[in-house]
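Since the structure comes first, as structure tokens, the remarks are kept for the end.
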Amino acid sequence: MKLARQILTMILLLLPAIAMTQEKDISRLIESIVESHLDVIDEQTDAALMIEDLEGFAEKQLNINATTPAELSRLYLLNDIQIAKLLEYVNNFGPAYSIYELQTIEGFTPDLLEKLEPFISFGPRMEKKKLADAFQYTKNQLMLRSIGTLQKANGYLPNDEGVTPYEGNQYRYYSQYRFNAGDRILAGVTAEKDPGEAFFSGSNPAGFDYYSAHVALNLNSTFEQFVAGDYLVRAGQGLVLWQGYTSGKSENVLEISKTNQGIRPSTGVDENLFFRGAATTAKFGKARISLFYSQKKDDGNLAGTDSAGMYVTSLQTSGYHRTASEINDEDAVKNINYGASFSLIFNNLKIGTTVTHQQLNPPFYPAGELYNRYRFSGNENLGGGIDYQFIRGKYQLFGEAAISKSGGKAVVQGAVIRLNDQLGFSALFRHFDRNYQALWANTFAEGSNMNNESGMYFGVRLLPVKFVTLSAYSDFYRSGWINYSTAAPSTGWDVMAQANVVLSGKTAFYLRFKNEEKEVKFIQNERYVNLPEQTQKIRLNLNYMATETISLKSRAEYAFYRGLTSETGFIVFQDVQYKPVKLQVSISGRVAWFSTNSYNTRIYAYENDLLYTFSIPAYYGKGIRTYLNLQYRFSPKIDFWFKIANTGYTNRDVINSGYNEIAGSRRTELKFQLRVKI
């Protein structure tokens, strides 16, 4: 069997089945992966962890002969079936020797392998070193970053009373230190000051506004992980507990189940949506249990009086502490969370359960609007769920059912069928009662609150001919109660179709059409009513590798909106990336021309940025946006990044409003970053 595998591997090495002769453009590849996962991509999209994982694997490749399902899921390229088949292949036949050998595994297409190649390696299986021995292989990294806008907004200027609303300057300061000893010990400290926040003054005499730290230990084969400090927990299909990035509707129409589960350190700068305390995961045969405890203070809008009792009317998540009111909301509510996640893993089946308990002090009482009638209120919540995942051959079933202290129930049930490499189907049903209350839930859904929604999703992926991939999905959803954006029960429908075409090893393009129709709240005859709203977008994107050092990306996108009025918008941009072979420098830039009637026809586009960061600006109005991004490596241990971006509008002389209003038609951003490896 081994001899046959070696012969087959040699034959595959001689076949020009995969065009991988050129050095991969890692930043462009990461950009395409991120965009492919995010259908609704905007400024609030939580893509930082995804980018950090991919950048990390690009720098230190993942040895697929000595890995775990959790690590493979962090590549964001493999589904549950592909992960199971890869691990089964390695376990049955021994270590894989090259990327070409993986072609023999069902579902590992040439296109997938081309994307995987920069992130994986084929090293030998090695016994795990003792914890004390891990200190022989230590790495240290220091990251310093500064970001700011040259033009001062109103918040940084004295008002009519001579008072400057924002406490600090217009720059963001960020620093992070990381330490790791192999894969056994990870530690880090992060500090950040947002624009407008004080720095070593005012409300922040100790320097930065936000500090975060963690220590993660891979103790032994039983205690897989222990984390102290800030961390994230992800369990099941997200009906009870899921923090950070979550998959949803996207061009990856078959990737609808959640795989990146478990406990991991929090390394981002989200100041509220994480746990702070301790967590551990232990494995006993086929059983795995995770326990966690968190106690921290979160931002909230305080109300009430000392005599009658204080409470919060909303839980703030922006992380900004610039004005007197924002500073007053900082750390306003004590948030205690604890719970457990338990799972049993068999050959083809995984079953699990998750339980969480949450306490808030002072209690949470949302505003008395009608759409808040069934929302969580009080100071204590309890939730639990049962989840499963079944994989057999070409079929995958998964789901979760949950209940909250309020008596509200929720269920997610999905199926994926991959008949062969050319044809696959997916389907997902979800239902969340209007009174289902899970503040940490984050699952496949249309709305951001996991309640008051029922929906049915269908997806299909087809490869009709070589180098052509067709993907499409349709999602119908309804709400039986009113939401913030509706005046009555409502319905909606999304449809997306995309054709990806690879013309050669240097040229590829895709064409996408997306239509969204839903009922939203409008004012008509001096009262709120539900009326239909429609948004359509058509995108043509072309990638071309002009030379070994120059890559180009061109895009044209058109948007159409119909509500009480009809509006249109479009954007055309050209990206250029230059990576000389002999110089330790990388340069990328963009020129974008956009014209939209209003924010209703805004168009989002991902931008190359500093390491571990991302930009997704909204293009609306009329104007031109340009940016230049530069990375220079002074030595193997010192890297420097610089970015300048400018947006010039032709239809306005004021940008934004309120404290963020800038007088003039231009907005210029500067970003600097330095990384030192020790």
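What follows draws every value from the coordinates through simple rules; no lab data is involved. What you see is a predicted model; the values in this text were computed from it and never measured. Every residue, glycine as well, gets a Cβ built from its backbone with ideal geometry; the counts of neighbours run over all protein chains shown.
Given segment 504-615, report the % of alpha carbon pairs whose separation exceeds 25 Å.
Counting pairs separated by more than 25 Å, the tail of P(r) holds 41 percent.
On the principal axes of its Cα set, how long, how wide and how thick is segment 460-543? Give whole Å, largest value first.
Extents along the principal axes: 58, 21, 15 Å.
What whole-number volume per residue, in cubic angstrom, does the convex hull of the C-alpha atoms of segment 546-678 give?
Hull volume normalised by residue count: 124 Å³.
Within 10 Å of each candidate Cβ there may be at most 14 other Cβ atoms; applying that plus a DSSP loop requirement, which trypsin sites (Lys or Arg not before Pro) in segment 146-247 survive?
Lys152
With a/c under 1.5 counting as rounded, go ahead and sort the chain into rounded, prolate or oblate using the C-alpha gyration tensor (a ≥ b ≥ c being the square roots of the eigenvalues; past the cut-off, prolate if a/b is larger than b/c, else oblate).
Note, shape of the chain comes out rounded.
Please list, by residue number, every one of the chymotrypsin sites (Phe, Trp or Tyr not before Pro) in segment 472-563 that is coil in DSSP and has at most 11 other beta-carbon atoms within 10 Å.
For chymotrypsin sites (Phe, Trp or Tyr not before Pro) across segment 472-563 that sit outside H, G, I, E and B with at most 11 neighbouring Cβ atoms in 10 Å, the list reads Tyr484.
When Rg is the radius of gyration of the Cα atoms in segment 230-343 and Rh is its Kirkwood radius, what does Rg/Rh come to?
1.06
Between segment 149-228 and segment 451-488, what is the separation of their alpha carbon centroids in Å?
37
Where Lys and Arg each count +1 and Asp and Glu each count -1, what net charge lies around Met456 among other residues with Cβ under 13 Å from its Cβ?
Value of the local net charge: -1.
Could you grab the relative contact order for segment 433-545? Cα pairs under 8 Å, six or more apart, rounded to a whole percent.
18
What do you get for chymotrypsin sites (Phe, Trp or Tyr not before Pro) in segment 280-367 restricted to DSSP loop and a cutoff of at most 14 other Cβ within 10 Å of the site's Cβ?
Hits after loop and neighbour filter: Phe346.
Sequence gap at least 6, Cα distance under 8 Å: using those rules, report the relative contact order of segment 170-315 to the nearest whole percent.
Once divided by the residue count of segment 170-315, the mean separation gives 17 percent.
Find out how many positive minus negative residues lie around Asn381, taking Lys and Arg as positive, Asp and Glu as negative, among other residues whose Cβ is under 12 Å from that of Asn381.
+1
May I ask for the net charge around Asn515, where only other residues with Cβ less than 9 Å from the Cβ of Asn515 are counted and Lys, Arg are +1 while Asp, Glu are -1?
-1
Which of Phe640, Phe432, Phe108 has the fewest other C-beta atoms within 10 Å, and how do the rest follow up to the most?
Lowest count first: Phe640, Phe108, Phe432.
State, as an integer percentage, the relative contact order of the chain based on alpha-carbon contacts under 8 Å between residues 6 or more apart.
After rounding, I find 10 percent.
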